[in-house]
Structure formats: C-alpha cells, structure tokens
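Each remark here refers to the structure printed beneath this line.
The values are calculated or read from the model by the stated rules, or taken from the named source; none is laboratory data. Since we're looking at a predicted model, the values are computed, not measured. Note that each Cβ is placed from the backbone with ideal geometry, even for glycine, and that neighbours are counted across all protein chains shown. Each accessible area value is taken on the protein alone, full model and side chains, heavy atoms only, with ligands, DNA and RNA left out. Shrake-Rupley method; radii C 1.70, N 1.55, O 1.52, S 1.80 Å.
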Amino acid sequence: MELRQLQYFVAAAKAEHFTKAAQRLNIVQSALSSSVRALEQELNAKLFVRTTRKVRLTAAGRALLEKAEIVLDAAKDAREAVSAVAQAKSGKLNLGTVHGLPAFVDLPFLLARFHKRHPHIDVRLIQGGAVHLLEKVRNGKLDLAFLPMFEPPADIATVTIACEELVVVCNKAHSLASSQVVSLAEIAAHAFVEFEQDLGTRKIIDDLFLAANIDRKIAFEVSDLATLMELVGHGLGIALVPESVACSRPQILSVCRLKEADACWEVVLASSATSGDALPRRFEEIIGSDAGIEV
C-alpha cells in the first residue's frame with residue numbers, strides 16, 4: 001500500500017466520481033481506476049459500489065477512508081516538520097564547547113545572533129574536554145563543537161575559528177620572568193601546571209615535547225583554565241597557554257615567547273564530515289557574517 005494509492009482513493013471517495021477525482025488530481029482517469037483496483041486486490045475487499053453516474057463507498061471503503069485520512073495527515077505533518085528543520089524554522093541544535101572558550105570566541109554573542117535569526121530553534125549547549133566533545137560529534141550527539149584541535153581526523157570537518165601562538169607564562173618572581181624568548185629545552189627544566197589528559201592544550205603541548213624528544217615535569221594537573229592560571233600566578237609552576245590568555249593577567253604573570261615557531265594553538269568548529277544537516281550550516285553562517293570570523 002502506497003501513499004499515492006491512498007491519495008487517489010480519498011480523492012475518489014470525496015468526489016464520488018472517478019473522472020472528477022482524476023481531474024482534480026491532474027491525472028488520467030484510467031490511472032486512478034487502476035490504482036483503486038490494485039488497492040482493492042491488496043486489501044481483498046471491494047471499496048466502491050460503481051454506477052454509471054457516480055461511485056459510493058462500501059462499508060470496507062468507509063472504514064478505510066477514516067484511516068487513510070489519518071495516514072495522509074500524518075504524512076503531511078512529517079513532510080512539513082522535515083521542511084521546517086531544513087529551512088531552520090524549527091528543530092534543535094546540539095552545540096558543544098570546551099571550557100575557557102570566552103577568551104577566543106564570544107559564544108553568548110553568537111548564540112544571541114542565532115536566536116534572533118532563528119527564534120524557533122532550541123539550542124542545547126554542553127561543555128567538556130576536547131576528546132569527549134569530539135566523540136559526541138562523531139556519534140551524532142552533537143551537531144557542532146568548539147574545541148582545540150591539532151590534526152583533525154578524516155571523519156571530522158573543521159572550520160578554524162581562532163589561531164594563536166602558544167607562549168610561556170610564569171609568576172613575576174620566577175627565574176624565567178626576565179626572559180624574552182626561551183626554548184622547549186630551557187622550560188623543560190621547570191615544573192609545569194598542565195591540563196588533565198585530553199583537556200585544553202594538553203595534547204598539543206605533549207606533542208611538541210615528544211617531537212623534540214624532551215621530557216618535562218608536570219607538578220599539577222587541572223581541569224579548567226582559571227585554576228591553571230591561579231596556580232601559575234602563585235608560583236607553583238609554569239604553563240604554555242594561548243597568547244590572549246597569557247596577556248589577560250599582566251599584573252601577576254610574566255610572558256615569554258618560544259623559539260619553536262610551530263608552537264601554535266587553534267580553536268575549530270568541528271562537525272561530522274558526513275553531516276548534511278541544515279541547522280549546523282545556519283550556525284556557521286552566523287559565525288561568518290555576524291561575528292566577522294572567516295569560515
């Protein structure tokens with residue numbers, strides 16, 4: 001049983017005439033008659049009593065008409081729901097972000113712009129570590145995620161949102177405080193305050209030292225940027241952080257640059273490489289047009 005057969009059947013039942021129903025459907029009368037006969041054969045029941053002037057429903061036909069109208073209404077609702085999502089008139093956008101994003105992206109501003117353009121879209125925002133968010137993007141639980149990424153996997157599409165140099169921060173009384181430029185080998189002699197595994201800049205920094213074949217000592221592992229900066233500010237270790245973060249506390253922290261030119265950090269907007277959903281694209285449009293970020 002196909003939706004088209006039900007449409008033809010309902011049209012004939014309402015018109016009480018095959019030819020008039022066919023004209024309203026803009027099809028030939030023979031096509032409608034053939035469709036109704038096929039439906040009767042499938043249901044093994046006569047649906048119409050045919051006369052030379054008009055047709056009328058049998059008891060089986062009346063029973064089918066009631067259910068057919070429900071099915072066709074449901075199909076119409078389904079089409080309209082899909083169309084509304086495709087046109088960003090309704091739906092839900094699941095968005096993820098790492099902690100500390102406000103230093104690089106004004107997410108509340110972006111969300112306000114998105115809501116203004118698409119007021120009927122519900123946005124669900126969750127926070128977490130980069131690996132955790134990436135897995136949620138991969139399994140479809142998140143449409144988009146703001147996160148730091150060094151080498152995007154093949155199944156993840158990314159748009160670069162921010163790109164910054166990693167610099168060394170330390171307490172103003174630290175022995176490195178007077179330095180302008182330092183190497184990885186030099187800073188490896190000092191204790192580090194670091195993010196936990198899979199959080200923040202941790203993987204990028206680990207890869208830098210691994211590529212240089214240099215070991216370092218991690219004195220503290222934390223789960224958020226504010227705690228990391230507080231510990232560094234109290235002289236409990238040094239850290240490598242994006243430049244805009246480093247410059248946010250000039251009264252208590254000193255900043256020095258790395259000799260290694262490839263010490264950079266990127267925030268990307270990640271999505272599934274196979275996703276063709278409209279809502280994530282609408283949010284990317286907000287980033288490009290309203291936030292002034294090149295996408």
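Annotations for the structure displayed:
- Charge dipole (Cα centre; +1 on Lys/Arg Cβ, -1 on Asp/Glu Cβ; no other charges) of the chain amounts to roughly 2540 debye.
- In the chain, helical runs assigned H by DSSP with n ≥ 4 each contribute -39500 (n - 2.57); averaged across all residues and rounded to the nearest 500, the mean residue ellipticity at 222 nm is -12500 deg cm²/dmol.
- For the range 3-85, the Cβ-based charge dipole about the Cα centre amounts to some 460 debye (Lys, Arg positive; Asp, Glu negative; other atoms uncharged).
- Here each label is just a point 7 Å from Cα along the line to Cβ, and for GLU230 and ARG62 those points are 7.6 nm apart.
- Accessible area of the range 3-85 divided out per residue, in Å², using a probe of 1.4 angstrom: 63
- For the range 163-265: rounded, prolate or oblate by the Cα gyration tensor [a/c cutoff 1.5]: rounded
- Once C-alpha pairs closer than 8 Å and six or more residues apart are averaged by separation and normalised to the residue number of the chain, the relative contact order reads 21 percent.
- Selection from LEU65, SER35, THR51, by position along the positive dipole direction of the range 19-66 (Cβ): THR51
- LEU228 sits among other residues whose Cβ lies under 14 Å from its own Cβ, and their net charge, with Lys and Arg +1 and Asp and Glu -1, is -3.
- Within the range 163-265: Cβ-based charge dipole about Cα centre, in debye rounded to nearest 20 (Lys, Arg +1; Asp, Glu -1): 400
- You can think of it this way: the chain between SER183 and GLN29 has 47.0 nm of extra reach, that is 0.36 nm per residue less the Cα-Cα gap.
- Only beta bridges with both residues in the chain are counted; by DSSP, about 60 percent of them are antiparallel.
- P(r) of the range 3-85 over all Cα-Cα pairs, binned every 10 Å from zero, in whole percent: 18, 49, 25, 7, 1
- Charge-dipole axis of the range 163-265 as Lys and Arg at +1 and Asp and Glu at -1 on Cβ define it, positive-most pick from VAL169, ASN213, VAL241: VAL169
- When the alpha carbon gyration tensor of the range 82-232 is reduced to an equivalent ellipsoid, its three semi-axes come out at 37, 17, 13 angstrom, largest first.
- Residues whose amide H falls under 5 Å from that of PHE48, counting only those 5 or more places apart or on a different chain, are THR58, with hydrogens built in the peptide plane.
- Convex hull volume per residue for the chain, taking Cα atoms only, in Å³: 174
- Taking all protein chains into account, the per residue accessible area for the range 163-265 stands at 47 Å² (1.4 Å probe).
- Helix 202-211 vs. the chain, principal-axis angle (Cα, 0 to 90°, nearest 10): 60
- Accessible carbon and sulfur surface of the chain relative to its total accessible area, %, 1.4 Å: 51
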